[in-house]
Amino acid sequence: MSELLLAAAQPTINWHTVMFYVTAIFACGFAVVVTTTNNIVRMAFALIVSLAATSGLLFLAGAYFVGAMQLMIYVGGTVVLLIFGVMLTAQKAFITMRTRASDWILGLLVGGALFSILLQLAFLIPQWQSSDYQAAADAELAAYVEKLKADKADGKVITQEQRDELERLEIAADDGMPQRSGEIGLALVGVRADKAQRPDEPGLAGYLLPFEIVSIHLLVVLVGAAYLARARRHSHAGASQ
Amino acid sequence: MSFLYEPIGLSHYLAVGAFLFVCGIVCMATKRNALGILIGIELVLNGAILNFIGFASPYFRDENLGLDGHLIALFVIVLAAAEAAVALAIALNFYNNHATIDVDRASELKG
Amino acid sequence: MQTLLPYLPSLLAIAVLLPLGSFCAILLGAQWLGAKGKFAGTLATTAVLASTVLSFFSAGIWFTAHPAGAVDHAAHEVPPVITGHGYTLATLAGTNVGINYYIDALTIVMFCLVTFIATCIHFYSTSYMHDELDDVVDQEALLEDGESLHRPGRYARFFQSLSLFCFSMLGLVLSGNYLMTFVFWELVGLCSWFLIGFYVERTTASTAANKAFIVNRIGDFGMLVGMMALWGSLGTLNFGDIDQQQGIFSQVRGEENHYALKVPDGMVRLAAGRQIEALALHATEPLTTEQLAAKVNAEMPVWREANLGYGLLIIAGLGIFCGCVGKSAQFPLHVWLPDAMEGPTPVSALVHSATMVAAGVFLVARSYPIFLPEVLLVVACAGCITLLIGASIALVATDIKRVLAYSTISQLGYMMLALGCGGWAAGVMHLVTHACFKSLLFLGSGSVIHAVQTNEMPQMGGLWRKMPWTAGTMLVGCLAIAGIGIPSVFGLPIGLAGYYSKDLILEQVYAFRSENPLWGSFFFAAAAGGACLTAFYMFRMWFLTFWGEPRAAKRFDRAHESPRVMVVPLVLLAILAVCVAWPAFSWFGLPTLSRSIEQARPAGIWADMHGALWHITLPEESKGHTAAVTSPVGLIELGAALAGIALAALFYAWKVLDPEDVSRSFHPLYHTLYRKWYFDEIYQAVFVRGTMALAHCASLLDRLLIDRLVDGLARLGVGLARLSDLWLDRQGIDGLVNWFAEQTYRLGSALRTLQTGSLRQYVMLIVASTVAMFLLISFWTLALTG
Amino acid sequence: MGEYFAGWFPADWEFLGYTLAALVQAILLIHVIALGAFVFIWAERKVSGRIQDRLGPTRTGGKFGWLQSLADGIKLLSKEDLMPKDADPILFKLAPYVSLAASFTAFVAVPFAAGWVALPLNIGLFFVIAILGLEVFGVILAGYSSGSKWSLFGAMRQAAQVVSYEVPLGMCVVVPVMICGTMDLVAIGEQQRGWFTNWLIFHDPFIFIIFWVYFACAVASVNRAPFDLAEAESELVAGFLTEYSGMRWSLFFMAEYGSMILVSLLASILFFGGWNGPIPIFTGLIDWFPDYLGNSWVFTTFANLVGVVNILLKASIGVIIMMWVRWTFPRLRVDQVITMCLKYCVPIAAVCLLGVMFWTALGIGFLNDLVPSQPRAMVRESWVEEGQRREAKRFDSLQTPSTDSAKGEVE
């Protein structure tokens, strides 16, 4: 792997970039489909693809756990729920409901304005436009390993300082590794494993309280949703037939 | 095709996020179907998640959000699920009571 | 079995908790226990039977490990005691307050006694209460329209209360500190309230239950005072030493002082507060805490010599005794006990003869190390008065249960008298023997009542022909309570259970008389006379009930012997009443009653005690066992008992004397006795009316003075408010508020048109305003920077 | 593997090498599904035949009728491809591919031997379960786009069923994760190395129960009898499959078989030691052989091949049991299916989850400890372990500068 990273300095195709563009095109393209189509079922399908592509983007950004979570809860749960709703209300008249052209024009105008502002903001800061941070860290590590190997070949003994330096570089390069789900789990129960590693920083509190609040919130929502959507056979026995 | 040789940056993620966000907004603004609006909201939330993960990613910035970004994204996902459940319940209730899913017909509370 | 000694607390704890378990089971699961809770009785009986087995097993373990002394009163050694704590409830000021236990021979004996008698009574009750299995028509509880009350049976509830009662009593016996004692003490009171008021629809029963509870509360108030005195001065409520923490007993009768009674340092320090203050203030230079403590310790003997703290110890003792007065129905709080006979008869047997009233005597015996001679004199006086009052009222009572109730009061007086005269073992032994024959008598009377459906003795008579077993066992009980036996003058003393204990009491009082002629003469006369009276009224009861011709033919015809399950406990208890105190058991290596009790004698009660304030000398108990004492006392006792029996026979068996005549000739006395010395009337007049009058005065004060003042203030306020309302509120504030409301309304109406209810427009507005805001801000920054 | 192939191509064309590597892996995985379906379609016929006391296919292809699947395939290929007039054409055509793609994608993260996994993910298990949940979209789209009410009913039933059964299924798979401390399927499999008593199913009695709950939920979530309400032919004609024929139909079928193999593979990794055989033949051998043989990649590859056979055998047994179940039990009603999920599977799984938790936390022994020759390794957070492993490897590479050959792929 180290040879590969060394080679990153040469002008070769950056596969990460390629994968990003492919996935981003999927995400954006199907988002456009979602917006433009008037058929609610196709909209839902396009949404699925768009969300799945978004989860791919998350994987590309190193957020494996969140990506899988997005797949499972968002795509597998929420959108199934949505489609369920679509199917329950899918009558011919409602599948395609056209809006007035004025709505479209207004929406596109305002949306376009917002998008232009956001896009401008996104590319405002030069450091954000491209990142060689990870590549630099990896290259530094690889170079150091090469140096050590050369030393070793020369018959020198590797000192403790050199090992420590190697470890520091390793940690720096390790920051680019995908986040461990174990750390996320610990953070959810109130321990920040990632921050506690640095002794000079005080240990940060995790997300126990938000986690609990979200749990309660979900429970409340479940109850509320069940209450809202419950079948009222008694009062509408005759009317619904 | 020279852009394929460059590593992407945070801006790219923000741009995609912005695009999804705007698509969601436009979707909300141009749909009459209540579920269509719901789908627009999901897109908006996805744009937000992308932004958080972009800021949290160690690939793009040295001082990234780290776990904080991931956790906020997780909460967003979970709350989106909750929101979808409630919104769906409201939509179904509306459908049961008015035999339509058109939000323009939901004007009983209008003053 | 000695190896099992460490498990003794656990065994006893299980024995305590078993009835609690049965209580909980019945409480929670009554509807699953068969129809009308049929198996509740079985369950409760099984639980208490298991407790009995455990208790006797524990007794076996105990007496194997600590054999009872070879001879009576010889042991001048510290009794073996097991203390410890099970669970710490709280830690206050460095001392643990918790669930402690204190096990000595007294505990063991009480455990065996309570569980055995409770078992007998449970068995008896399963039959006696079988009416409650069906719906009950209560003839004595009348509704407003004169109909008898119909109610569902309460079989399960009865056994539930019995179980809780057994639990409380056993817990009381086992408890190792005053706090636990107090808790169980109150639980016992609560159970008695449940059980006395079992027929709650009868006015008499509910009144009696309330009376018992309230009267007990008065005594408990005193007990609280005593406990506070102990806690405030000694900082602990534990009886014995637990984990190097000195208990009350070792503070009062310390080992360093050869277990002689000494006012504890804590009490001296508390009483000498002013002197300590003076020490601290008059020091030439400021003292550190340690220095002050050293000075105080140096002064301690002087203060103790000056009897500082002595009064505090007296208060503590009197306070504790107060509780015992209430629970053991001593004068002047004895009034509840006769009324308490309103409960079912097994309840009377359990609650009011053998166990609950025994709790008071037990507590006096348990707290004996902290009682000063002065306090003991009070105890003795209370006992003496109670003895006489109880015996005298029993002479004229016609209700068979009331006779037994007053006899109980009288016998409790005996116990207190013995304890107050220094006869620790005598009092405790009478407690045990009395429990045996008094529960027998109560159960017998229950059997009779069950048969003839009335409590009134004048309507009975000749019943021995119908119920030979009951009559026989009752006769045994009467002989036992009268104290029939062959005195030691005629060689080997042998007799029924009551003989031994009563003999011991009389001997002790006799010995007391030789030391304190004035008090002692009164006491001995009362005790000897009481013995005569006891024999008389017991045999009066027996003769009236079982002897002679039936006086109410209808009831007599309906009478029948009780079922076997009721007779068997009677026979068992009769055997116990005969032979429980026989010293002959020691021939087989078994611990006899007197030696078992002797083993528990608290450390230090083996020498004469002298009062420091009054000149009282309590003789050491073995002084009563010299031949010079035993010979005359034995003869006197036998004579008194025989005289009482003979007198009763003269009146009621041979009809030589007519009771009517006698009562007519001594009419004032008879009437006084019949009205129970007018105690109820006096209490009604003095306390109840007095309280009511006081309350009336207070209410008058309220209404006439305070209410008027408050009303006047309120009226003034109202007037002022009206005045301000006229111009300030209506003109100023109202106008302002109304103006605001109007403007808000107008604004709202104007803005209402903006709210279209269209979701799309909202989204558009939000986004558009975001964009606008952003543009605005960026232009602003641009203008500022550029 | 990618670097190896990249070396075949001149500079600037390395991406062809990576594509080739991906293709090889994809084709290998496709074969698992395709060959699996091929074998199991035949097996299903034989099993059903035996269970119904008949012979099953005998004529096609020799004694056992082993070419029956091929004949079926040819028949399906040559069938006319029909589409109803009311159907939504795009979605109708898309649905089978969605189904198959979801089923196939999940295989990407499934290891077949120690390190033999197309995409090593530290959240592999989570990923597989998530992807598995996507398969329902194919069914839903198919049901909806067919324009037939039977299909719609089938799709709705399927949606409800899958969403419900994901809850107990998730609870069940959390148990091995909890014991192993990782969601990495490779790590979970490696932790069960050794004698068969080391398999997680023998970890404690609760997980033994959990396995059966998992199996029931897995059967439900791959839509097999007795939970095949989505295609209940007696009520809904054929549910979401009503309007499909020919190749599209067979794609759905392959997806179903793919999912069956997938959940069986998952079961064998999570509960039955994955690629580790019941008796550790290689552990001893590695020590036995001289260093040059024991550590060579030939030996490792051979061991891994045996592992692949092991895991495929276990998965096949799982699939056969599913068939057995299908032909033995009658189909449940809708309410019974949901009752089964909510009233039985979820509570049992929850209780067992707690049970395993306490069992693990209290460190109580079970079958694992009966064979004292191989004390089970301390269960640790996998990222701690991985960090240590990486560190050890780094120093190894420093000490012996010329050994970074085949191990790069494993990492």
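Exactly one residue out of B:Ile72, B:Ile101 is among the β-branched types (Val, Ile, Thr) and facing chain A (nearest Cβ under 7 Å), and it is B:Ile101.
For C:Leu292, the stated conditions hold: it is at negative phi, open to solvent by 20 Å² or more (accessible area, probe 1.4 Å) and modelled with pLDDT of 80 or more. How many residues are farther than 30 Å from C:His66 by Cα and among the hydrophobic types (A, V, I, L, M, F, W, C) when one looks only at the stretch C:103-142? Residues flagged as farther than 30 Å from C:His66 by Cα and among the hydrophobic types (A, V, I, L, M, F, W, C) within the stretch C:103-142 amount to 8.
Quick check on C:Gly222: is it part of a helix (DSSP H, G or I) and either hydrophobic (A, V, I, L, M, F, W, C) or over 25 Å from C:Arg402 (Cα atoms) (or both)? Criteria met by C:Gly222. All conditions in (1) outside the structural domain of D:Trp327 (by TED's automatic domain parsing); (2) open to solvent by 30 Å² or more (accessible area, probe 1.4 Å) hold for D:Gly49, with the sole exception of (2).
When A:Ala136, A:Ala153, A:Ala142 are screened for being open to solvent by less than 50 Å² (accessible area, probe 1.4 Å) and not hydroxyl-bearing (Ser, Thr, Tyr), only A:Ala142 passes. Those residues that are open to solvent by less than 60 Å² (accessible area, probe 1.4 Å) and not in a helix (DSSP H, G or I), I need them from the stretch C:253-287; list them, please. Selection gives C:Arg253, C:Gly254, C:Tyr259, C:Ala260, C:Leu261, C:Lys262, C:Val263, C:Pro264, C:Ala272, C:Ala283, C:Leu287. The set of residues in the stretch C:399-456 that are open to solvent by less than 10 Å² (accessible area, probe 1.4 Å) and β-branched (Val, Ile, Thr) comprises C:Ile400, C:Val403, C:Thr408, C:Ile409, C:Val428, C:Val432, C:Thr433, C:Val448, C:Val452. A residue that is closer than 28 Å to D:Leu313 by Cβ and exposed (fewer than 14 other Cβ atoms within 10 Å of the Cβ) occurs somewhere in the stretch D:56-73.
Residue by residue, here is whether (1) among the hydrophobic types (A, V, I, L, M, F, W, C); (2) loosely packed, with under 10 Cβ neighbours inside 10 Å; (3) in contact (Cβ under 8 Å) with a residue 40 or more places away in the chain holds:
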| position | (1), (2), (3) |
| --- | --- |
| C:Asp729 | no, no, no |
| C:Gln743 | no, no, no |
| C:Ala750 | yes, yes, no |
| C:Thr756 | no, no, no |
| C:Met764 | yes, no, no |
| C:Ser769 | no, no, no |
| C:Ala772 | yes, no, no |
| C:Trp780 | yes, no, no |
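Among (1) within 24 Å of D:Ser264 (Cβ to Cβ); (2) modelled with pLDDT of 80 or more; (3) more than 10 Å from chain A (Cβ to nearest Cβ), there is one condition D:Ile129 misses while meeting the rest; what is its number? Failing condition for D:Ile129: (3). Looking at B:Gly40, B:Gly54, just one residue is touching a Cys at 6+ places or on another chain (Cβ under 6 Å) and either more than 7 Å from every other protein chain (Cβ to nearest Cβ) or at pLDDT below 90 (or both), and that residue is B:Gly40. Residue pairs whose Cβ atoms lie under 6 Å apart, sitting 6 or more positions apart in sequence or on different chains, and linking a residue in the stretch D:266-292 that is among the aromatic types (Phe, Trp, Tyr) and at pLDDT 80 or above to a partner that is open to solvent by less than 70 Å² (accessible area, probe 1.4 Å) and assigned to a loop (DSSP other than H, G, I, E, B), are D:Phe272/D:Trp199.
Cβ separations smaller than 6 Å between residues 6+ apart or across chains give the following pairs from the stretch D:83-109 residues that are more than 26 Å from D:Leu23 (Cβ to Cβ) to residues that are hydroxyl-bearing (Ser, Thr, Tyr): D:Ala87/D:Ser145; D:Ala87/D:Ser146; D:Asp88/D:Ser145; D:Leu91/D:Ser145; D:Phe92/D:Ser145. Checked against the criterion of being more than 7 Å from chain A (Cβ to nearest Cβ), at pLDDT below 90, part of a helix (DSSP H, G or I) and buried (at least 23 other Cβ atoms within 10 Å of the Cβ), the stretch B:27-36 contains one or more residues that satisfy it. Yes or no: the stretch C:237-252 includes at least one residue that is at pLDDT 80 or above, open to solvent by 70 Å² or more (accessible area, probe 1.4 Å) and closer than 30 Å to C:Gly176 by Cα. So far as the stretch C:237-252 goes, yes, one or more of its residues are at pLDDT 80 or above, open to solvent by 70 Å² or more (accessible area, probe 1.4 Å) and closer than 30 Å to C:Gly176 by Cα.
Residues in the stretch B:42-73 that are among the aliphatic types (A, V, I, L, M) and either open to solvent by less than 10 Å² (accessible area, probe 1.4 Å) or closer than 22 Å to A:Ala31 by Cβ (or both): B:Leu43, B:Val44, B:Leu45, B:Ala48, B:Ile49, B:Leu50, B:Ile53, B:Ala56, B:Leu67, B:Leu71, B:Ile72, B:Ala73. Considering the stretch D:150-237, the qualifying helices (runs of 4 or more DSSP H), each wholly inside and each with 1 or more residues that are within 14 Å of chain A (Cβ to nearest Cβ) and within 17 Å of the chain's Cα centre (by Cα), run over D:185-191, D:205-221.
One line per residue, one yes/no per condition, for (1) surrounded by fewer than 24 Cβ atoms within 10 Å (Cβ to Cβ); (2) in a helix (DSSP H, G or I); (3) within 10 Å of chain D (Cβ to nearest Cβ):
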{"site": "A:Phe26", "(1), (2), (3)": "yes, yes, no"}
{"site": "A:Val33", "(1), (2), (3)": "yes, yes, no"}
{"site": "A:Val41", "(1), (2), (3)": "yes, yes, yes"}
{"site": "A:Phe45", "(1), (2), (3)": "no, yes, yes"}
{"site": "A:Val49", "(1), (2), (3)": "yes, yes, yes"}
{"site": "A:Gly62", "(1), (2), (3)": "yes, no, no"}
{"site": "A:Gly67", "(1), (2), (3)": "no, yes, yes"}
{"site": "A:Leu81", "(1), (2), (3)": "yes, yes, yes"}
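The values are calculated or read from the model by the stated rules, or taken from the named source; none is laboratory data. Treat the numbers as computed from the prediction; the structure is a model and nothing was measured. Every residue, glycine as well, gets a Cβ built from its backbone with ideal geometry; the counts of neighbours run over all protein chains shown. The protein model used for the area step is the full one, side chains on, heavy atoms only, and it has no ligands, DNA or RNA in it. Shrake-Rupley method; radii C 1.70, N 1.55, O 1.52, S 1.80 Å.
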